[in-house]
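The values are calculated or read from the model by the stated rules, or taken from the named source; none is laboratory data. The shown structure was predicted, so the numbers you read here are calculated from the model rather than taken from an experiment. Neighbour counts are summed over all protein chains in view; Cβ atoms, including those assigned to glycine, are modelled from backbone coordinates with ideal geometry. Only protein heavy atoms, including side chains, enter the accessible area calculation; ligands, DNA and RNA are left aside. Shrake-Rupley method; radii C 1.70, N 1.55, O 1.52, S 1.80 Å.
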Amino acid sequence: MTKHVLICSAWPYANGSLHLGHIAGLLPADILARYFRLRGDRVLFVSGSDCHGTPIAVRAAQEHLPPAEIASRYHQEFVQSFEQLGFSYDKYAATIDQEHQEEVQKIITYLHEKDWLYPREQQQIWCDHCQKFLPDRYVEGVCPRCGSPDARGDQCDACGALLDPEDLTERRCKLCGNPPGEKTTMHLFFRLSKLQQRLEQLLAEKGGKWRLNARELTARYLREGLHDRAVTRDIDWGIPVPIEGYTDKKIYVWFEAVLGYFTTSKRWAKEQGDPDSWQQFWGPEGKSYYVHGKDNIPFHTVIFPGLLLALGENYNLPDRILSSEFLNIEGKKLSTSRNWAVWIPDFLANYSADSLRYFLTVNGPEGRDADFSWREYVERNNGELAGAWGNLVNRTLPFVTRHFDGTVPQGTNPSGEKLLAEIAGTYEEAGSCIEEGRFKEALRLVFNQVRSCNKYFDTEAPWTTVKTDKNRCAETIAVCTHAIANLAVLTAPFLPFASQKLFESLGLSQPRWQFIGLEPNHQVKEPGILFPSLDKKIIDSERARLGTED
């Protein structure tokens, strides 16, 4: 039965280029989307660039440019990077898009009319030196929970606590470094505390299918008790509040950015010519995945479900939360301020997207922090992609073209039948792993079959039997070609570019997530080199290109 699968990946801030840490957290979403499409399910894969909030304003101030110009620049760069990485979004938007802003304004107006928003006087951080209210991320200080000296006014990255600027001690202004004071202002607050019981119910019903970090962190928030949160801010850059008395304020970025999944789904449906089709993905019969880094957990397990509940339309709440841990670079914590990062535009200018997708799957931060090292990247590319999968393809298909006139021979033998039966069983095994968010295990199962095929090829030695026993050689090559066709499907969610080359060379127009049996006289051609080997000299040169940490 065809399912409607909604896949939502986090919105990166459009204040700088994407780096490996971003992609490590977002890649699982594309793997899911490609897998479910191969299954024949209907998929809606949405995301976009987060163009409001403090990070963009800070970058704009540093470059003496309008925030809109910064946001637009990096949004366009993101679009290009994701396309080069093979991300198959059905709709990738931006929070500066007019359609998003208008839809968010409708939602905040509705929630205000339904009494989910109320006014509250608030002491907000004010910097006398800068003569302005400071948005949360302009305020830094000591976390009251864990004592980290680098907590921000909205969240502490060290312990994951959701914070307000007033919670910090030893506060300092991010812009000038001076200690700020406070000043009274009026804001609209969302009644999140009213949803405590319903969000506890959500965790009880669906939390078992969330990643452990999401489950445990959400349980902690709920134990501590939910507090109402401001949805407006005294800032210059953001979506204007369309409510009388608050039109001089902007909508707080946490509120409007998470609603991007919702607004983009509606926009996609309208562009498809079927404005109501988004409801099939957001209704109770749909299945949803939310993919992001662990620093975004509370926004996806507490705040966004709370907003959906407040909208009161029986929307499907998150079925699976796939929250990745952090990716380190060469054993050190990623630091964009110190340039200790591998930037995606630079990477893609020199190396293949498939090789990165492979590395970030087999060595990604799925259940714990992971590390990207140039040495391991080169070794895995050369040993596993080029040396195993690419080698199998580039020594099998030439036999078809050179010795069998480009036509897949027929026949098999007991060991070949066993091999193909194991590959057929991998569809269900690897598929279950993908659906459960165990991508490393899924790819391991597939590459076990790659290695088994290489072992079979070596054992059968077709380079010898082609001279001494052509029938046996035909059986070997038939088995290996059938295996390659199916391994191309099994690797397609992970390595889309290489798989597409193989689909074209094998004449497979619309493969599905099921065993493929090639018909007699099926014509194939050689795909060329799928995975170029990398010179080990790049290890030292790429390490040298990294920034240095103080």
| remark: Scanning segment 4-16 residue by residue, the ones that are at pLDDT below 95 and open to solvent by 30 Å² or more (accessible area, probe 1.4 Å) total 2
| note | The correct count of residues that are among the charged types (D, E, K, R), touching a strand residue (DSSP E or B) at 6+ places or on another chain (Cβ under 6 Å) and either outside any helix (DSSP H, G or I) or under 18 Å from G160 (Cα atoms) (or both) in segment 206-224 is 1
| message | Can you find a residue that is more than 21 Å from the chain's Cα centre (by Cα) and either among the polar types (S, T, N, Q) or in a helix (DSSP H, G or I) (or both) anywhere in segment 88-95? | response | no
| message | Can you tell me how many residues within segment 256-277 are open to solvent by 10 Å² or more (accessible area, probe 1.4 Å) and in contact with a strand residue (DSSP E or B) (Cβ under 7 Å, 6 or more places away or on another chain)? | response | 3
| message | For segment 114-125, which positions are open to solvent by 40 Å² or more (accessible area, probe 1.4 Å) and either outside any loop (DSSP other than H, G, I, E, B) or closer than 20 Å to D248 by Cβ (or both)? | response | P119, R120, E121, Q123
| query | Which of the strands (runs of 3 or more DSSP E) contained wholly in segment 127-205 include at least 3 residues that are farther than 25 Å from E63 by Cα, in contact (Cβ under 8 Å) with a residue 12 or more places away in the chain and open to solvent by 60 Å² or more (accessible area, probe 1.4 Å)? | reply | 181-190
| Which is in contact with a Ser or Thr (Cβ under 7 Å, 6 or more places away or on another chain) and of a type in the set (K, R), of R137, R145? | R137
| request: Considering (1) open to solvent by less than 50 Å² (accessible area, probe 1.4 Å); (2) assigned to a loop (DSSP other than H, G, I, E, B); (3) among the hydroxyl-bearing types (S, T, Y), say which one S533 fails and leave the rest. | output: (1)
| task | Have a look at R39, R34 and point out the one that is basic (K, R), open to solvent by 10 Å² or more (accessible area, probe 1.4 Å) and touching a Pro at 6+ places or on another chain (Cβ under 7 Å). | result | R34
| said: Restricting to segment 206-215, name every residue that is open to solvent by 70 Å² or more (accessible area, probe 1.4 Å) and not charged (D, E, K, R). | reply: L212
| field | Subset of segment 81-113 [touching a Leu at 6+ places or on another chain (Cβ under 9 Å), open to solvent by 40 Å² or more (accessible area, probe 1.4 Å) and more than 21 Å from L6 (Cα to Cα)] | value | Q84, Y110, H112
| query | Any chance segment 484-495 includes a residue that's touching a Pro at 6+ places or on another chain (Cβ under 7 Å), among the hydroxyl-bearing types (S, T, Y) and part of a helix (DSSP H, G or I)? | reply | no
| Among the residues of segment 424-444, is there at least one that is surrounded by 16 or more Cβ atoms within 10 Å (Cβ to Cβ) and in contact with a strand residue (DSSP E or B) (Cβ under 7 Å, 6 or more places away or on another chain)? | yes
| remark: Exception for G425 within (1) over 34 Å from the mean Cα position of the chain (by Cα); (2) closer than 22 Å to I31 by Cβ falls at (1)
| What is the residue count in segment 321-341 for residues that are open to solvent by less than 70 Å² (accessible area, probe 1.4 Å), over 30 Å from K209 (Cβ atoms) and in a loop (DSSP other than H, G, I, E, B)? | 4
| query | Is it fair to say R137 is basic (K, R) and modelled with pLDDT under 95? | reply | yes
| query | Of the residues that sit in segment 462-483 and are among the β-branched types (V, I, T) and farther than 14 Å from T401 by Cα, which one is surrounded by the fewest Cβ atoms within 10 Å (Cβ to Cβ)? | reply | T468
| Of all residues making up segment 228-254, the number that are open to solvent by 20 Å² or more (accessible area, probe 1.4 Å), more than 16 Å from P305 (Cβ to Cβ) and either of a type in the set (F, W, Y) or part of a loop (DSSP other than H, G, I, E, B) (or both) | 11
